[in-house]
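Student: Dropping a structure here in structure tokens format, bear with me for questions.
Read the figures in this text as sums done on the coordinates, not as results from a lab. Remember, it's a predicted structure, so these values are computed and weren't measured experimentally. Don't worry about glycine lacking a Cβ; one is built from the backbone with ideal geometry, like all the others, and counts go over all protein chains shown.
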Amino acid sequence: MGWGRPNGAADVGWPTGGGQTGGGQTGAANGDRTVGSEPGSVDTGMGCRMRSAMLVLGIETSCDETGAAVVTEDGHVLSDVVQSQIKIHAPYGGVVPELASRDHMKNVRPVIEGALSRARVTLRDLDGISVTARPGLSGALLVGVQVARGLAWSIGRPLVGVDHLVGHLVAVYLRHPDIAAPAPPHPPFVALLASGGHTAVYRVDGLELSRITELGATRDDAAGEAFDKVAKLLGLGYPGGPIIDQLAREGDPRAIELALPMPRRDSLEFSFSGLKSNVARWVSANGRPGNDQTLRNLCAAFQTRVVDTLVSKAVRAARREKVQELVLAGGVAANRQLRERAAEVGAGHGIRVVVPPFRSCTDNAAMIAYAGAVRLAQGEDDRGRLETHPRTALLRVTRKGRGRR
Ligand code: KG4
Ligand code: ZN
């Protein structure tokens, strides 16, 4: 079967002779998130486009979302399509790598076509392509990188591989036409990146990889991973973050005693596996709560410990670095309590907390396009030497495992 175009999609100039397998009929429609205005171009309405800014196609396949987006070099999002794999992985309570790769293979082309057609551009209108090259699941990363490589060669435009974590850190600069965005931060600032695979605080002196410095990271589980594991323990489903976030709203965090993770005042490192074990012990002593107030209280107690830890360390880092802005990034930054508490504590110390809109927090290709635009604008091109890697390229100072906290 060939790669069909999503129903109704415009001709986006896809090179002929593509040999991938998998149906294109699902299109980019399921769970996609799309915008349509075009700050980077003027549409004359006669099929003639007057371009004013560099256009970058971003491709994201590092984990369980297939994403493609068209973004201008100044961060305006022309389209942002995300095809989620949540339904595929939910029965397993976590991401199954082989299933992830297969689903990326099936959807990457219709998702890219969807992003191009919704941005009303063709491949030939692009000035460059940006793809997540690390960190992530090896097989999943390869799907995006191989497609990106083929497209870049076919249209004769540069290709850059970007680090997914850098994407999260620059997501705060994206501008969606339909969503209010906070005033952009000015480096240097401190960023808390809390996602399903990573949790760390960084000093950001510029948007290039070399200007981002880790100040402290998790020794074990990432914050999002802790949400997912606790939700699994409580039989709540996957991903756990949004479900616990919802339940915790009506819970009393003081009703159940749980220890605060890694409380040492001078440390910027995190540890969430002890808190998860704490919840597991509570469940084995008291039984798994039903869908009642006890469940909400347990969720609130757990979430409050995670949020308090993230906020206190992030604000401590900002104060230590003497910066005035703290940026929240990553899927966990979608957490309502985290957003509110960080703003409150930050304000108490004269720190502006910059929180991207929800859709910029969780995985998306717009952030990958923008991180790539920074590199493309400097004339970089990885076409000849782009490799995938399971780990981030950001220098890590925190060692995993036990040790003095
Ligand atoms: O950034 P992301 O989409 O993917 C990774 O790069 O990992 O983050 C996904 C993680 C999941 O662990 C999910 O449970 C968590 O972000 N998450 C949340 C919320 N929404 C997503 N955690 C807490 N509260 C939320 N509202
Ligand atoms: Zn992510």
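Student: Averaging sequence separations of C-alpha pairs under 8 Å and six or more residues apart, then dividing by the length of region 189-355, give the relative contact order as a whole percent.
Tutor: RCO, region 189-355: 28 percent.
Student: Still on this structure: Using just the helices of the chain, give the 222 nm mean residue ellipticity in deg cm²/dmol: DSSP H runs with n ≥ 4 each add -39,500 (n - 2.57), and the total is spread over all residues, rounded to 500.
Tutor: Value at 222 nm, helices only, nearest 500: -11000 deg cm²/dmol.
Student: Report the extension gain between R336 and V397 in nm, rounded to one decimal, defined as 0.36 nm multiplied by the number of residues separating them, less their alpha carbon distance.
Tutor: Once the chain is fully extended between R336 and V397, it gains 19.0 nm.
Student: Can I ask one more? Tell me which trypsin sites (Lys or Arg not before Pro) from region 80-144 have a DSSP coil assignment and no more than 16 other beta carbons within 10 Å of their own.
Tutor: Taking region 80-144 and a limit of 16 other Cβ atoms within 10 Å, no loop trypsin sites (Lys or Arg not before Pro) are found.
Student: Next question. Quick one: dipole size for the chain, taken about the Cα centre, charges +1 on Lys/Arg Cβ and -1 on Asp/Glu Cβ, in debye to the nearest 20.
Tutor: 1140
Student: Moving on. What nm value, rounded to one decimal, do you get for the distance between R288 and R320 when each label is placed 7 Å out toward the C-beta?
Tutor: 3.9
Student: Given H placed on each backbone N at 1.01 Å, which residues far from G216 in sequence or on other chains put an amide H within less than 5 Å of it?
Tutor: For G216, the qualifying residues are V201.
Student: FRET efficiency for D252 and A377, Cβ-Cβ distance as r, R0 = 45 Å, nearest 0.05?
Tutor: 0.35
Student: Counting other beta carbons within 10 Å of each Cβ, put V70, V353 in order, fewest first.
Tutor: By the 10 Å Cβ count, ascending: V353, V70.
Student: Taking the dipole about the Cα centre of the chain, with the C-beta of Lys and Arg at +1 and of Asp and Glu at -1, give me whichever of A140, W14, L326 is farthest to the positive side.
Tutor: Projecting each Cα onto the dipole axis, the largest value belongs to L326.
Student: Next up: Let me check the size of region 237-305 from its C-alpha atoms; what are the radius of gyration and Dmax in Å?
Tutor: For region 237-305, the Cα radius of gyration and maximum Cα-Cα distance read 12.4, 39 Å.
Student: Can you pull out the trypsin sites (Lys or Arg not before Pro) in region 261-327 that DSSP calls coil and that have at most 15 other Cβ atoms within 10 Å?
Tutor: Qualifying residues, ordered by number: R264, R265, K322.
Student: If R0 is 35 Å, what FRET efficiency do you get for L260 and Y92 from their C-beta distance, rounded to 0.05?
Tutor: 0.70
Student: Take D221, D64, D125 and order them by how many other Cβ atoms sit within 10 Å, fewest up front.
Tutor: The fewest-first ordering by Cβ neighbours comes to D125, D221, D64.
Student: Treat the count of other C-beta atoms within 10 Å as a stand-in for reagent exposure and order S130, S271, S360 from fewest to most.
Tutor: Ordered from fewest to most neighbouring Cβ atoms within 10 Å, S130, S271, S360 come out as S271, S360, S130.
Student: Among the listed pairs K232/K313; K276/K322; K106/K232; K313/K400; K322/K400, which have their C-alpha atoms separated by more than 22 angstrom in this model?
Tutor: K232/K313; K276/K322; K106/K232; K322/K400
Student: Within the P(r) computed for the chain, what percentage of the Cα pairs occupies the region above 31 Å?
Tutor: 37
Student: Could I ask something else about it? Convex hull over the Cα atoms of region 189-355, averaged projected area in nm²?
Tutor: 9.0
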